[in-house]
Amino acid sequence: ALTRQYTFNIKYQNFTRLCHTRSLVTVNGQFPGPRLVAREGDRVLVTVVNHVAENITIHWHGVRQLTSGWADGPAYVTQCPIQTGQAYTYNFTITGQRGTLLWHAHLSWLRSSLYGPIIILPKLNESYPFKKPYKEIPILFGEWFNVDPEAVIAQALQTGAGPNVSDAYTINGLPGPLYNCSAKDTYKLKVKPGKTYLLRLINAALNDELFFSIANHTLTVVEADAVYVKPFDVDTLLISPGQTTNVLLKTKPHFPNATFFMLAGPYFSGQGTFDNSTTAGVLVYKHPSSNNHFPSLKPTLPPFNATAFVANFTMKFRSLASAKFPANVPQIVDRRFFFTVGLGTSPCPKNTTCQGPNNNTKFSASINNVSFVLPSLALLQSYFFGQSNGVFTSDFPQNPATPFNYTGAPPNNTMVSNGTKTVVLTFNTSVELVLQGTSILGAESHPLHLHGFNFFVVGQGFGNYDPNKDPSTFNLADPVERNTAGVPAGGWIAIRFLADNPGVWFMHCHLDIHTSWGLRMAWIVLDGPQPNQKLPPPPSDLPKC
Ligand code: C2O
């Protein structure tokens, strides 16, 4: 195994899209950011140097971070932010994972311009469980704002209203020809006939789950969140923020007399405004003669509210569950949790007027009605040094205080309660967690992300979860293993994971607006008895608040 060293200089750089020029916060002046490449088993050192006026942290989304929680990155959870002029070296080893993940800023909405691929190659002398692709190509989805997204979220939190939506979706940073003043900013994927390409799809968008399709081409899904899956073919797939999906693209055997659009557009099941636009790139066969005059074929994406399509699609994912890549699904459960996830409201601060959903309220979001408040000191330090007092409590509710009809008419009181509450788990606890979507302010899908672990999605369904009936439908043999999974609009998922990683681990909706509104919480996993089951002390350059 090697040690891979990277330097991420955080600096401003001007970029122009849709005829609007903005100064973006970037890594090394690149947008999207640079690729981080490593092999399974390698140690990775990334020194992040902050040359901009705002605070920064970077998260290595989906990297297990076994006993390296100090390198995980969510601001005020595992670390204080890296302040202007400061540097911090993230130091972690990639253990038991191979595939595609992403890195992104983990403070406020800075992910909008600070994101990039993590490519984990199999160990030397190991191969993919599918035919070696001719080429591998990262495809990153994102969002472009004509105005500063930091101002958008600041304003939304201040007024209590829903935020302004983005102005475009992007493929590898480019909106494409379906937007005004954008035709020249189109991503082109140039291919040869008769080859197999591995596309590493990454959704880094702030607030939107996306459908993706390439005209007249079938995609074979082979991996999700850096875990191999049983291959299956689709014309259109869904990818949620925080998710990564590897697909094989087989090109046509001969030069076709056409070029092919690839489109990405939103899946949105809630109420309110969203960016209902489509980003396009093109798949171009490198024809020996000129192919400028070939027609461009377009795929058809599902309608934006195609919840049944989404449920159908997500149920196709199965772990490989082979001898080489087993699915280690916890068969016995030590602790069961039932969490409701959804939107709600908060009272408006005195002497202000709020433009939230009900008269003079603010939009909020919660888990078991707790809207998580980020502390002003980082949880991991407070926990590690035994200084939780005034920073966090350990009384996160295991169940909703008063059960209600989660998918029915909203209750009279939609107010959330605020707190910095955590759940404490002893080392190696096997956890089953049912995540139940609520329809308090409209039924919306929530891509839930867990730091520090992969989990198995053992069940999913619509309506209210029934503890007497639904467990009999659970798949404990080959459920998909991932780090981000959608809680369906008007339904639930059941996940299982083994708490074998000591530290403090964030869990949140990966739609940034929902995270900002409080749809987040943290698990504390205590040290195990063995030396390699303990969290070591923090590195000396860990930033201070
Ligand atoms: Cu990709 Cu906590 O995030």
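Select, from 410, 403, 397, the only residue that is more than 16 Å from the ligand (Cβ to nearest atom) and surrounded by fewer than 16 Cβ atoms within 10 Å (Cβ to Cβ). Give the derivation first.
Numbers: 410 fails: surrounded by fewer than 16 Cβ atoms within 10 Å (Cβ to Cβ); 397 fails: surrounded by fewer than 16 Cβ atoms within 10 Å (Cβ to Cβ).
Unique residue meeting the criteria: 403.
Residues in the range 230-289 that are of a type in the set (S, T, N, Q), in contact (Cβ under 8 Å) with a residue 24 or more places away in the chain and out of contact with any Ser or Thr (no Cβ under 9 Å at 6 or more places or on another chain): 257, 271, 273, 276, 278. Applying the criterion of being farther than 21 Å from residue 307 by Cβ and more than 16 Å from the ligand (Cβ to nearest atom) to the residues of the range 480-516, the residue that is surrounded by the most Cβ atoms within 10 Å (Cβ to Cβ) is 481.
Looking at the range 76-91 only, could you name the residues that are out of contact with any Gly (no Cβ under 8 Å at 6 or more places or on another chain) and more than 19 Å from residue 11 (Cα to Cα)? So that I can check it myself, show each step before the final result.
Within the range 76-91, the first condition is being out of contact with any Gly (no Cβ under 8 Å at 6 or more places or on another chain), and the residues that meet it are 76-77, 80-89, 91.
Across the range 76-91, the qualifying residues are 76, 77, 80, 91.
Within the range 414-439, if we keep just the residues that are aliphatic (A, V, I, L, M) and assigned to a strand (DSSP E or B), the residue that is modelled with the lowest pLDDT turns out to be 415. Per the listing 63, 25, 77, the residue uniquely away from the ligand (no atom under 13 Å from the Cβ), touching a Leu at 6+ places or on another chain (Cβ under 7 Å) and closer than 25 Å to residue 208 by Cβ is 25.
Between 178, 124, 107, the distinction of being surrounded by fewer than 24 Cβ atoms within 10 Å (Cβ to Cβ), assigned to a loop (DSSP other than H, G, I, E, B) and within 16 Å of the ligand (Cβ to nearest atom) belongs to 107 only.
Is there a residue being within 21 Å of the chain's Cα centre (by Cα), within 16 Å of the ligand (Cβ to nearest atom) and among the β-branched types (Val, Ile, Thr) anywhere in the range 84-96? No: zero hits.
Condition first: of a type outside the set (Asp, Glu) and within 16 Å of the ligand (Cβ to nearest atom). Can you find one or more residues in the range 210-221 that meet it?
Initially, the range 210-221 is screened for residues of a type outside the set (Asp, Glu), giving 210-221.
Next, only the ones that are within 16 Å of the ligand (Cβ to nearest atom) stay: 210.
There is at least one residue in the range 210-221 that is of a type outside the set (Asp, Glu) and within 16 Å of the ligand (Cβ to nearest atom).
Check the range 458-471 and report whether any residue there is within 16 Å of the ligand (Cβ to nearest atom), touching a helix residue (DSSP H, G or I) at 6+ places or on another chain (Cβ under 7 Å) and modelled with pLDDT of 95 or more. So far as the range 458-471 goes, no, none of its residues is within 16 Å of the ligand (Cβ to nearest atom), touching a helix residue (DSSP H, G or I) at 6+ places or on another chain (Cβ under 7 Å) and modelled with pLDDT of 95 or more.
Mind counting the residues in the range 32-61 that are farther than 25 Å from residue 94 by Cβ and not β-branched (Val, Ile, Thr)? Steps first, answer last, please.
The first filter runs over the range 32-61 and keeps only residues farther than 25 Å from residue 94 by Cβ, leaving 51-55.
Now restrict to residues that are not β-branched (Val, Ile, Thr): 51, 53-55.
Matching residues across the range 32-61 total 4.
Of everything in the range 289-342 that is touching a Gly at 6+ places or on another chain (Cβ under 8 Å), under 17 Å from residue 480 (Cβ atoms) and not hydroxyl-bearing (Ser, Thr, Tyr), the residue that is surrounded by the fewest Cβ atoms within 10 Å (Cβ to Cβ) is 311.
When 76, 88, 134 are checked against the criterion of being assigned by TED's automatic domain parsing to the domain that holds residue 184 and either surrounded by fewer than 24 Cβ atoms within 10 Å (Cβ to Cβ) or farther than 30 Å from residue 181 by Cα (or both), a single residue qualifies: 134. In a residue-by-residue description of the range 532-543, the property of being at pLDDT below 95, within 20 Å of residue 58 (Cα to Cα) and not assigned by TED's automatic domain parsing to the domain that holds residue 76 applies to no position. Every listed requirement among (1) more than 16 Å from the ligand (Cβ to nearest atom); (2) touching a residue at least 12 places away in the same chain (Cβ under 8 Å); (3) over 30 Å from residue 326 (Cβ atoms) is met by residue 38 save one, (3).
Restricting attention to the range 440-457, which residues are surrounded by 18 or more Cβ atoms within 10 Å (Cβ to Cβ) and either farther than 16 Å from residue 505 by Cα or modelled with pLDDT under 95 (or both)?
Initial filter on the range 440-457 (surrounded by 18 or more Cβ atoms within 10 Å (Cβ to Cβ)): 440-441, 443-457.
Matches in the range 440-457: 440, 441, 443, 444, 445, 446, 447, 456, 457.
Quick grid of which residues meet (1) over 30 Å from residue 490 (Cβ atoms); (2) assigned by TED's automatic domain parsing to the domain that holds residue 486; (3) not charged (D, E, K, R):
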{"residue": "228", "(1), (2), (3)": "yes, no, yes"}
{"residue": "233", "(1), (2), (3)": "no, no, no"}
{"residue": "245", "(1), (2), (3)": "no, no, yes"}
{"residue": "259", "(1), (2), (3)": "yes, no, yes"}
{"residue": "278", "(1), (2), (3)": "no, no, yes"}
{"residue": "302", "(1), (2), (3)": "no, no, yes"}
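In this structure, is residue 60 in contact (Cβ under 8 Å) with a residue 24 or more places away in the chain, in a strand (DSSP E or B), buried (at least 23 other Cβ atoms within 10 Å of the Cβ) and not assigned by TED's automatic domain parsing to the domain that holds residue 385? For residue 60, the condition - in contact (Cβ under 8 Å) with a residue 24 or more places away in the chain, in a strand (DSSP E or B), buried (at least 23 other Cβ atoms within 10 Å of the Cβ) and not assigned by TED's automatic domain parsing to the domain that holds residue 385 - is met.
The values are calculated or read from the model by the stated rules, or taken from the named source; none is laboratory data. Everything numeric in this text was worked out from a predicted model, so none of it was measured. Virtual Cβ from ideal backbone geometry, glycine too; neighbours counted across all protein chains shown.
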